[in-house]
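The values are calculated or read from the model by the stated rules, or taken from the named source; none is laboratory data. All values reported here derive from a predicted model rather than from experimental measurement. Cβ placement follows ideal geometry from the backbone for every residue including glycine, while neighbour counts extend to all protein chains displayed.
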Amino acid sequence: MIPKYYEFHNPVKINAGTEALETIPYELKLMNVSRPIIITDQGIVNAGLLKIVLDGFTDSNITIGAIYDNTPSDSSLETVNEITKIYKDNNCDSIIAVGGGSSIDTAKAVNIVISEGDSDIKKFMGVDRISKPQQPFIVIPTTSGTGSEVTVVAVIADKKNNIKMPFTSSLLLPKVAIIDPRMTMSLPAKITATTGMDALTHAIEAYTCLQKNPLSDSYAFTAIKLVIENIEETVKNGKNKDARFAMANASTMAGIAFSNSMVGAVHAIGHACGAVAHVHHGNAMAILLPYVMKYNMDVIENYYSEILLALAGPDIYAETPKDKRARKAIEIILLLNHKLNKLCGMPIKLSDAGVTEDQINDIAKAALNDGAMLPNPKDLNLEDIKTILKEAF
Ligand SMILES: [Fe+2]
């Protein structure tokens, strides 16, 4: 059903393809800037990816103003302040983030401080607290999972007070996202699997949550199809450029989908598993997805039936009786988890991902208070969440 009212917003220009990186100098010229700072991390440098990005500037009129290649995996206020100083000291005029979620979130936060002209970033925490136009910003994702290149959120740690600070504004979106398969070719198999399952979860939760709408549905549906057709191949054969490109597209499309609808209980419980037991986000998504789907099924069987077409293709969809399609969709996800486990050792039970039985209560409590629980299509109470956790344990 189409909601009575919804909003859909994606102003990010997507440059996608095997030579997409080479378009950056032209994009900077269009934005009337010529001295970007590149924000990345050591993993990207060691994998040779920064060099590929820099090679794209050969013969251009662009001067790289500064490179910050030390972004930690859990970025903090200190990192943001350090990079802001480097940006100013080197007269930079634009920002390029190269990396996974942390480098992209860090770059978004640096952009807030510079654009607002205020070093107290805490003032801008929350929803729509940013008011000034941001500096020209380009994002080059190096994993196929978070969709951060098209999402309006950044999360930065305040280590002194031991809290995570969320910033949400459409002004945080980059001007351009570069989807180039060269950037994900060297991702290890297990990270390929878990980040891919994160993208699949974004798409399935976007397609089934309370804030779904026809536009987010279309992005989500295609993202599901692209993940299911390519995830095993990218885990088995990381050098398959076409499969890598398909997964990168899936991740971006799933990001656009959930940015314009929401996620749900898989993310709520997954966030809690991360906070209490330090389970990697993608691992938690893969493990929890089929069990949450089972739990939600009586409320949204029709949506799960619909996505069987994306998950299994038209032949299997047509030959599966209507009342068995939703269950078949869940079976396919469970089977996929087992295949990925065999291929790369991706954990498929919480007990294999570092969760202990005595943490289940704390995880359930944290999940109940997570914002992602609100748009879940079925109300879950503490006991429901514990049941899901025990099944997934
Ligand atoms: Fe996610």
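Observations, loosely collected:
- Considering (1) part of a strand (DSSP E or B); (2) in contact with an Asp or Glu (Cβ under 8 Å, 6 or more places away or on another chain), the lone condition that Thr146 does not fulfil carries the number (1).
- Here Ile112 does not fit the description of being surrounded by 15 or more Cβ atoms within 10 Å (Cβ to Cβ) and assigned to a loop (DSSP other than H, G, I, E, B).
- Of the residues making up region 207-214, at least one is modelled with pLDDT of 95 or more, over 21 Å from Gly270 (Cα atoms) and either in contact with a helix residue (DSSP H, G or I) (Cβ under 9 Å, 6 or more places away or on another chain) or part of a loop (DSSP other than H, G, I, E, B) (or both).
- Residue count for region 365-387, restricted to those that are surrounded by 14 or more Cβ atoms within 10 Å (Cβ to Cβ), among the hydrophobic types (A, V, I, L, M, F, W, C) and more than 23 Å from the chain's Cα centre (by Cα): 2
- Residues of region 357-382 classified as assigned to a helix (DSSP H, G or I) and within 17 Å of Asn296 (Cα to Cα), total: 6
- Matching residues in region 238-271 - criterion: being within 13 Å of the ligand (Cβ to nearest atom), over 12 Å from the mean Cα position of the chain (by Cα) and in a helix (DSSP H, G or I): Ala265, Val266, Ala268, Ile269, Gly270, His271
- Qualifying residue in region 244-261 (condition: farther than 30 Å from Leu50 by Cα and modelled with pLDDT of 95 or more): yes
- Top-ranked residue in region 196-211 [being more than 9 Å from the ligand (Cβ to nearest atom) and among the β-branched types (Val, Ile, Thr); ranked as nearest to the chain's Cα centre (by Cα)]: Ile204
- Within the option set Tyr6, Tyr87, being at pLDDT 95 or above, farther than 24 Å from Arg182 by Cβ and assigned to a loop (DSSP other than H, G, I, E, B) holds for one residue only, Tyr6.
- Scanning region 125-145 for residues that are over 19 Å from Leu21 (Cβ atoms) and crowded, with 21+ Cβ neighbours inside 10 Å yields Ile130, Gln135, Gly145.
- Boolean, Leu226 is more than 20 Å from Asn337 (Cβ to Cβ), away from the ligand (no atom under 16 Å from the Cβ), of a type outside the set (Gly, Ala, Ser) and in a helix (DSSP H, G or I): no
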